1. For residues that are hydroxyl-bearing (S, T, Y) and in contact with a Cys (Cβ under 6 Å, 6 or more places away or on another chain), tally how many sit in the stretch 117-136.
2. Filter the stretch 105-127 down to the residues that are free of Cβ contacts under 8 Å to residues at least 12 places away in the same chain and in a helix (DSSP H, G or I) and list them by number.
3. May I ask you to list the residues in the stretch 216-234 that are in a helix (DSSP H, G or I), in contact (Cβ under 8 Å) with a residue 12 or more places away in the chain and open to solvent by 40 Å² or more (accessible area, probe 1.4 Å)?
4. Restricting the search to the stretch 90-113, which residues are at pLDDT 90 or above and within 17 Å of F265 (Cβ to Cβ)?
5. Yes or no: I168 closer than 29 Å to A73 by Cα, assigned to a helix (DSSP H, G or I), out of contact with any helix residue (DSSP H, G or I) (no Cβ under 6 Å at 6 or more places or on another chain) and hydrophobic (A, V, I, L, M, F, W, C)?
6. Filter the stretch 242-259 down to residues that are touching a residue at least 60 places away in the same chain (Cβ under 8 Å), farther than 10 Å from A73 by Cα and in a helix (DSSP H, G or I), then give me how many there are.
7. With respect to S10, is the statement that it is at pLDDT below 90 and in a helix (DSSP H, G or I) true?
8. Residues to consider are L190, L198; find the one that is crowded, with 18+ Cβ neighbours inside 10 Å, among the aliphatic types (A, V, I, L, M) and more than 23 Å from M292 (Cα to Cα).
Amino acid sequence: MPVGSDTKTSETFGKNSAASAADGGVFPDTTRRAGFQGLRSRLSRNFPPNLARLLLLGCAALWGGSYLVSKIAMTAIPPQWMMGMRTGGACVVMLILFHRSIIPALNKSMLLPALIVGATYWGTMALQTKGLLTIDPGRSAFLTAVYCVLTPFTSWFVSKNRPHNINIIAGVICLVGVGFVALKPGGLSLSLSFGDILTIACAVVFSFNLTYLGVYSKKYNAIAVTFMQFAVASVLFFIGALLTEPVPNAAWLQPKIIVSFLYLFLGATTLAQLMQNIGLAHVSAASASVVMCTESLFSEFFSIIFWGTKLRFTTLVGFALIFLAVLMSILHRSVIVNLFRRVEDWIHDHRKH
């Protein structure tokens, strides 16, 4: 769940791209001169769906790697300084790419929505980065993914949209998964570290952030809402950094720290956002969600290979249950029913032979 991973904005962006692709492939000179907007339209023509899925998978891999890279960067850069620079940089990039959409949409009526989505995003990332200081990157990714399961319930609280039964079942499975993750070695007692608790709190706050983004993106320009979210969060991060964290020092200029920050800013934020936007324009939302939720799997893989994370059996079971709950939450009920029917048909045919 790195900076720049707002799905609502990306879906809107994708719809606009798809609309551009439907114009018969004829682009007037004004479109060719439209800079990034023109490039986006030209990329929409004859784009292979499998390549779009590959872009989404690459996006998930970049986000999965961001947990490990953030942990490396935070050995020198305090969390709020790091996030302040990332969100501030994201604002600059968005203005360069989408200024024609953002500037006309900014008005007084967006002030309250901007404060709400900005404050909840700040809370999300502050809790996650603080938690990441004391837990493994893969563990952070899986516990953060709980937001997928919680979002239908926060939507119920905010918008009065009652979750489906499948969401309730997914919530129970997710809770059991977190219980397995929390089991102490060699016993049946539960124990969550302070970092675990902060990360789960991050998932709760992020579910509210996504819910409010969904509400306000229907009333206002989605790209402008996301820009304001990053702008407000950036201000809050810098205020928090100035009040509670050490000022910048020479340690920030170490080569590995600079490379880590460039990965987070250019790779996990800018490049991943563009890959997500292009991919979502050419595959269904359900298919895209399944591909992109592999973020937590990539994070755990990188954590094992590069961070030396060792997994217990109960932790693996917990991660598997959380991942199952996430899949159940993002797939439509009909997809799950059809999947079970296919399994039943396969079992029935297998018994015949």
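1. Filtering the stretch 117-136 down to residues hydroxyl-bearing (S, T, Y) leaves 120-121, 124, 129, 134.
Still in the list and also in contact with a Cys (Cβ under 6 Å, 6 or more places away or on another chain): 124.
The qualifying residues number 1.
2. Here is the first cut: in the stretch 105-127, the ones free of Cβ contacts under 8 Å to residues at least 12 places away in the same chain are 107-108, 111-112.
Answer for the stretch 105-127, where residues must be free of Cβ contacts under 8 Å to residues at least 12 places away in the same chain and in a helix (DSSP H, G or I): K108, L111, L112.
3. Start the filter on the stretch 216-234 by keeping residues that are in a helix (DSSP H, G or I), which leaves 216-219, 222-234.
Now restrict to residues that are in contact (Cβ under 8 Å) with a residue 12 or more places away in the chain: 216-217, 219, 222-234.
If the condition is that a residue be in a helix (DSSP H, G or I), in contact (Cβ under 8 Å) with a residue 12 or more places away in the chain and open to solvent by 40 Å² or more (accessible area, probe 1.4 Å), then K219, M228 are the ones that fit.
4. Of everything in the stretch 90-113, those that are at pLDDT 90 or above and within 17 Å of F265 (Cβ to Cβ) turn out to be C91, V92, L95, I96.
5. no
6. Of the residues in the stretch 242-259, 2 are touching a residue at least 60 places away in the same chain (Cβ under 8 Å), farther than 10 Å from A73 by Cα and in a helix (DSSP H, G or I).
7. Numbers: at pLDDT below 90: yes; in a helix (DSSP H, G or I): yes.
Answer is yes for this residue.
8. Numbers: L190 fails: crowded, with 18+ Cβ neighbours inside 10 Å.
After ruling out the rest, the residue left standing is L198.
The values are calculated or read from the model by the stated rules, or taken from the named source; none is laboratory data. Bear in mind the structure is a predicted one, so any value in this text is a computation, not a measurement. Cβ sites come from the backbone with ideal geometry, for glycine too, and all protein chains shown count toward neighbours. We work out accessible area using only protein heavy atoms, side chains counted, and drop any ligands, DNA or RNA first. Shrake-Rupley method; radii C 1.70, N 1.55, O 1.52, S 1.80 Å.
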